[in-house]
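**Q** I'd like to ask some things about the structure below.
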Amino acid sequence: MRENIRVVPFEMKYIEDYHKNFNEEITKYQWPDPFENLEDARALLQEFLDEMEKGETLIFAVVDDADRFIGSTEIHGLTDDCNELGVWIIESEQGKGYAYEALKYTLDQAYEKYGKTEFFYEADIRNEGSNKLLKKFSDSYEITELETEELVTDSGKELKLRGNVLKRR
């Protein structure tokens, strides 16, 4: 792990920064939209925390040395065979390798604590950063690319999502 970031269990003390930074740009190529208000963000994050307590989800905050929130990473569906990965870093901190470090940590936790070896990662084909991130895992994971699915979200976003299955080598 880089010295200037840490990956820690998500706590509600990060909720305001999470809400503020999960914006239109971050969600441009994702199914979810920005939260309408802080309470919507709090409710969803509380669901994730409740799922983590039950061993169904891992959710972590990515923070800097001053404990400032710079992103989050999660794995959903730990009770399923193929678990879904997610990661995002605030705009001002993108391109520094933090997403890789955070996702690697999260994948290692899923393996060490739950024995998980297979994961699902989905990214819009136009999201260069997310697709570049996926390639960084090719030494440690066998990656099977699935078909691209074109969808329109409830809010009208047109997505071109490609799923990938990662199997730990």
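The values are calculated or read from the model by the stated rules, or taken from the named source; none is laboratory data. Only a predicted model underlies this, so the values are computations on that prediction, with no experimental measurement involved. Counting neighbours? That spans all protein chains shown, and the Cβs are built from the backbone with ideal geometry, glycine included. Remember, those area values only see protein heavy atoms, side chains included, never the ligands or the DNA or RNA. Shrake-Rupley method; radii C 1.70, N 1.55, O 1.52, S 1.80 Å.
**Q** What number, in percent, do you get for the relative contact order of the range 1-109 if the mean sequence gap of Cα pairs under 8 Å and at least 6 apart is divided by its residue count? Can you show the working numbers first?
**A** Values: 156 pairs, mean separation 29.5, N = 109.
Averaging sequence separation for qualifying contacts and normalising by length gives 27 percent for the range 1-109.
**Q** Let me ask something else. In sequence order, what are the phi-derived ³J(HN,Hα) couplings for the range 150-164 according to the Karplus relation 6.51 cos²θ - 1.76 cosθ + 1.60 with θ = phi - 60°, rounded to whole Hz, with x for glycine and proline?
**A** Each residue's phi maps through the Karplus curve to give 9, 9, 10, 6, 4, 8, x, 5, 9, 10, 10, 8, 10, x, 9 Hz.
**Q** Next up: I'd like the antiparallel share, as a percent to the nearest 5, of DSSP beta bridges with both residues in the chain. Write down the numbers at each step before the final one.
**A** Working: 35 of 37 bridges.
Around 95 percent antiparallel, to the nearest 5.
**Q** How about the range 48-109: which trypsin sites (Lys or Arg not before Pro) there lie in a loop by DSSP and see at most 16 other Cβ atoms within 10 Å? Mind dumping the intermediate values first?
**A** On the way: sites: Lys54, Arg68, Lys96, Lys104; in loops: Lys54, Arg68, Lys96.
Taking the range 48-109 and a limit of 16 other Cβ atoms within 10 Å, the loop trypsin sites (Lys or Arg not before Pro) found are Lys54, Arg68, Lys96.
**Q** To continue, here is another question. Averaged per residue, what accessible area in Å² does the chain show with a 1.4 Å probe, protein chains only? Kindly include the intermediate steps, with their values, before the conclusion.
**A** On the way: 9430 Å² over 169 residues.
For the chain, the per-residue accessible area is 56 Å².
**Q** With a 1.4 Å probe and every protein chain kept in, tell me what percent of the accessible surface of the range 1-100 is carbon plus sulfur. Walk me through the numbers on the way to the answer.
**A** Values: 2280 of 5290 Å².
With neighbouring chains kept in place, the figure for the range 1-100 is 43 percent.
**Q** If you don't mind, there's one more thing I want to ask. Please turn the phi angles of the range 65-80 into ³J(HN,Hα) values with the Karplus equation 6.51 cos²θ - 1.76 cosθ + 1.60 (θ = phi - 60°), one per residue in order, whole Hz, x for glycine and proline.
**A** Whole-Hz 3J(HN,Hα) from phi for the range 65-80: 4, 8, 6, 7, 5, 10, x, 8, 9, 8, 10, 9, x, 5, 8, 9.
**Q** Mind listing the long-range amide H neighbours of Tyr141? Cut-off is under 5 Å, sequence gap 5 or more, other chains count too, H placed in the peptide plane at 1.01 Å from N.
**A** Arg169
**Q** Also: Along the range 19-27, what does the Karplus equation 6.51 cos²θ - 1.76 cosθ + 1.60 (θ = phi - 60°) give for ³J(HN,Hα), rounded to whole Hz, x for Gly and Pro?
**A** With coefficients 6.51, -1.76 and 1.60, one gets 4, 5, 8, 7, 10, 4, 5, 5, 8 Hz.
**Q** Follow-up question, since we're still on this one. Going down the table (Lys54/Lys113; Lys54/Lys104; Lys54/Lys96; Lys20/Lys96; Lys104/Lys167; Lys116/Lys157), which pairs top 24 Å between alpha carbons?
**A** Numbers: Lys54/Lys113 13 Å; Lys54/Lys104 22 Å; Lys54/Lys96 33 Å; Lys20/Lys96 20 Å; Lys104/Lys167 13 Å; Lys116/Lys157 32 Å.
In this structure, Lys54/Lys96; Lys116/Lys157 lie more than 24 Å apart at Cα.
**Q** Given H placed on each backbone N at 1.01 Å, which residues far from Asn83 in sequence or on other chains put an amide H within less than 5 Å of it?
**A** Glu118, Phe119, Phe120
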